[in-house]
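Computed from the coordinates by the stated procedures, all read-outs in this text should not be read as laboratory data. Note that this is a predicted model, so its numbers are computed, not measured. Neighbour counts are summed over all protein chains in view; Cβ atoms, including those assigned to glycine, are modelled from backbone coordinates with ideal geometry.
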Amino acid sequence: MRLSHLARVAAVAAALVLTATACGGQSPSPGSAGDGPTVAQDVTFEAGTTMDRLAKAGTIRVGTKFDQPLFGLKGLDGKPAGFDVEIAKIIGAKLGIPADKIAYTETPSATREEAIEQNRVDMVVATYTINDKRKERVSFAGPYYIAGQDLMVKSDNTTITGPESLKAANAKVCSVTGSTPSVTIQEYVDQANLVLFDVYSKCADALRTGQVDAVTTDNVILLGLVEASEGAFKLVGKQFTEEPYGIGIPKGDVKFCEFINTALKDAAADGSYEAAWKSTAGAVSPQTPTLPPADPCS
């Protein structure tokens, strides 16, 4: 990756630090003012539950992405920032865990289920689309956001106008191994023209250097990459899927799932969900989304 591009991406990360306030009835977390929602005090949970274990430990391990502006991007301070990170802070706060006690682990698309199954994280908040195949290995709380797959191209590209134009243009398309978009796009491109990397920043570099003609993933991820490109890239703007983002947790932990769903619903009601959006993805998509209805926990 070019140094100038790294600097631009880091600058986006620095702009994504949350300065949100949160609801009444709770006290601010010591030492974390301006860094996420206020933290619940003196919380107690049913003995033996994940919530009880985490609250007593005073920390939570969160898997997220480190390369996606607006949702999960590691900044110059070494900490990830973005909407996914703020969602993790909201859940942590409901457990009585302040933002500075959250331990983040990078979880690219291909390793998310593995990180949960190997007990390397307590939950994954990482632009993680809920689907039936993944439900065979992990459970999901949420969704907390509905994204949609789109295409990113160079700003002067007028040939690629949507997924249906890719084959006619003989376009090389980049996505990430293990991601839902990398599977969906195979309907529109020949296998020989699909390039896969482990992280989207490598796709962006491949587009910049002309090794590929388009990058595909969820629209909000692409918006972050467009923002970091300083005019080099654009979004085609033809969304062709719906991608419900959920929070991955160990398979069958129904009580933790239900707790997370309640925490999200409370965040939508008290304004902390809106604050999380406006301070991160809202930089390029000002309209705060409506929290989707939660799926049944299983």
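A few comments on the model shown:
- Pairs from the list 56/79; 133/255; 135/238; 101/265; 79/251 with a Cα-Cα gap above 26 Å: 135/238; 79/251.
- Farthest toward positive dipole pole in the range 149-235 [+1 Lys/Arg, -1 Asp/Glu at C-beta], among 232, 151, 222: 232
- A Förster radius of 51 Å combined with the Cβ-Cβ distance from residue 41 to residue 242 puts the calculated FRET efficiency at roughly 0.85.
- The range 59-157 shape via C-alpha gyration tensor axes, a/c threshold 1.5: oblate
- The chain: angle of helix 219-228 to the longest principal axis, Cα-based, in degrees nearest 10: 80 degrees
- Qualifying trypsin sites (Lys or Arg not before Pro) in the range 225-286, DSSP loop, other Cβ atoms within 10 Å at most 16: 238, 251
- On Cα atoms only, tilt of 3-14 relative to the major axis of the chain in degrees: 30 degrees
- Spread of Cα-to-Cα distances over 10 Å intervals beginning at zero, given as percent, for the range 149-235: 19, 61, 20, 0
- Debye log10 I(q)/I(0) for the range 70-118, one point scatterer per Cα, at q = 0.13, 0.33 Å⁻¹: -0.33, -1.17
- Counting every alpha-carbon pair across the range 209-298, the share separated by more than 21 Å comes to 48%.
- Kirkwood Rh, angstrom, the chain [1 / mean 1/r, Cα pairs]: 19.4 Å
- Residue 103 sits among other residues whose Cβ lies under 13 Å from its own Cβ, and their net charge, with Lys and Arg +1 and Asp and Glu -1, is +2.
- Going by neighbour counts of Cβ atoms within 10 Å, the residues 136, 243, 113, 164 line up, fewest first, as 136, 164, 113, 243.
- Distance (nanometres) between label positions extended 7 Å along Cα→Cβ at residue 177 and residue 77: 3.3 nm
- Interchain or long-range residues, amide H under 5 Å from residue 238's placed H: 151
- Computed over the chain: relative contact order in percent, which uses C-alpha pairs under 8 Å that are six or more apart: 25 percent
- Axis of helix 83-94 versus longest Cα principal axis of the chain: the two differ by about 10°, to the nearest ten degrees.
- With contributions of -39500 (n - 2.57) from each DSSP H run of at least four residues, the per-residue ellipticity at 222 nm computed over the chain stands at -8500 deg cm²/dmol.
- Using the Cβ-Cβ distance between residue 187 and residue 209 with R0 = 25 Å, the FRET efficiency computed as 1/(1 + (r/R0)^6) comes to roughly 0.40.
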